[in-house]
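Beneath this line is the structure, given in structure tokens, with notes to follow.
The values are calculated or read from the model by the stated rules, or taken from the named source; none is laboratory data. Nothing here was measured: the structure is a model prediction, and the numbers come from that model. Please note: Cβ atoms are built from the backbone with ideal geometry, for glycine as well, and neighbour counts cover all protein chains shown. Remember, those area values only see protein heavy atoms, side chains included, never the ligands or the DNA or RNA. Shrake-Rupley method; radii C 1.70, N 1.55, O 1.52, S 1.80 Å.
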Amino acid sequence: QVQLVESGGGLVQAGGSLRLSCAASLRTFSSYTMGWFRQAPGKEREFVAAISWRGEVIYYAGPVKGRFTISRDNAKNLVYLEMNSLKPEDTAVYYCAARQGPVVVRMYEYNYWGQGTQVTVSS
């Protein structure tokens with residue numbers, strides 16, 4: 001059974017940093033594209049970042065480019081989202097997702113999802 005478990009969320013002041021982690025039980029983790037999405041209250045879930053299985057292809061959403069960094073450790077079945085210079089508008093539940101295939105930004109093309117971790121940025 002595939003499980004994605006996010007951790008590292010919390011409350012932080014604007015300008016601060018957080019590092020999210022996602023632990024995957026995928027047997028062939030290194031063959032999966034991994035993505036991060038977020039959903040703010042009253043809004044649709046949106047793409048944040050994604051990384052190919054070897055890490056050579058990385059996409060970022062415009063609002064986080066230059067502030068967030070996605071990375072992965074295939075030996076440990078982990079994917080990370082380093083978030084710096086956080087803003088109140090980054091407040092959301094952050095979800096980890098996985099798919100087999102190229103990096104894409106469309107949510108419905110990801111097959112596996114975690115339960116999410118709350119990130120709250122105070123002003």
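What number does the stretch 69-123 give for Rg over Rh if you use C-alpha atoms and the Kirkwood radius?
Working: Rg = 13.0 Å, Rh = 13.0 Å.
Rg divided by Rh gives 1.00.
Given a 1.4 Å probe and heavy atoms of the protein chains only, how would you sort 54, 19, 72, 27, largest accessible area at the top? Mind dumping the intermediate values first?
Numbers: 54 165, 19 125, 72 40, 27 230 Å².
So the residues, ranked largest to smallest area, are 27, 54, 19, 72.
Taking the Cα centre of the chain as origin, sum charge times position over the Cβ atoms of Lys and Arg (+1) and Asp and Glu (-1), and report the length of that vector in debye to the nearest 20. Mind showing how you got there, number by number?
Details: 13 positive and 9 negative charges, 28 e Å.
Value, rounded to 20: 140 debye.
Per residue Cα convex hull volume for the stretch 4-56, in cubic angstrom?
Values: hull volume 5.8 nm³, N = 53.
Per-residue hull volume (Cα only) is 110 Å³.
Inverting the mean 1/r over all pairs of different Cα atoms, compute the Kirkwood radius of the chain and quote it in Å. Please report the intermediate quantities before stating the final value.
Numbers: mean 1/r = 0.0708 Å⁻¹.
It works out to 14.1 Å.
If you restrict to DSSP beta bridges whose two residues both lie in the chain, what percentage is antiparallel, to the nearest 5? Walk me through the numbers before you get to the answer.
Details: 36 of 40 bridges.
Just about 90 percent of them are antiparallel.
Under 18 Å Cα to Cα from residue 87, which lysines show up? Leave out anything in the same chain fewer than 8 places away.
The reachable lysines, counting only those whose Cα sits under 18 Å from residue 87, are 43, 65.
List the GluC sites (Glu not before Pro) in the stretch 21-123 that DSSP assigns to loop (not H, G, I, E or B) and whose Cβ has at most 11 other Cβ atoms within 10 Å. Which are they?
Numbers: sites: 44, 46, 56, 82, 89, 109; in loops: 44, 56.
Here the sparse-neighbourhood loop sites are 44, 56.
Provide 87, 76 ordered by accessible surface of protein heavy atoms (probe 1.4 Å), highest first. Display every interim value, and only then the final one.
Working: 87 80, 76 130 Å².
Highest to lowest solvent-accessible surface, that is 76, 87.
What's the carbon and sulfur percent of the chain's accessible surface, probe 1.4 angstrom, rounded to a whole number? Don't skip to the end; give the middle numbers.
Working: 3070 of 6440 Å².
C and S atoms contribute 48 percent here.
Protein chains only, probe 1.4 Å: how do 53, 113 rank by accessible area, largest first?
Values: 53 115, 113 70 Å².
Sorted by accessible area, descending: 53, 113.
Compute, for residue 112, the solvent-accessible surface of its heavy atoms (probe 1.4 Å) with the complete set of protein chains present, and express it in square angstrom to the nearest 10.
80
Out of all DSSP beta bridges with both ends in the stretch 57-123, state the antiparallel percent to the nearest 5. Write down the numbers at each step before the final one.
Working: 11 of 11 bridges.
Taking every DSSP beta bridge with both residues in the stretch 57-123, the antiparallel ones total about 100 percent.
Between 41, 102, 63, which gets the highest mean-square fluctuation from a Gaussian network model of the chain, Cα cutoff 10 Å?
Comparing 41, 102, 63 in a Gaussian network model of the chain, the most mobile one is 41.
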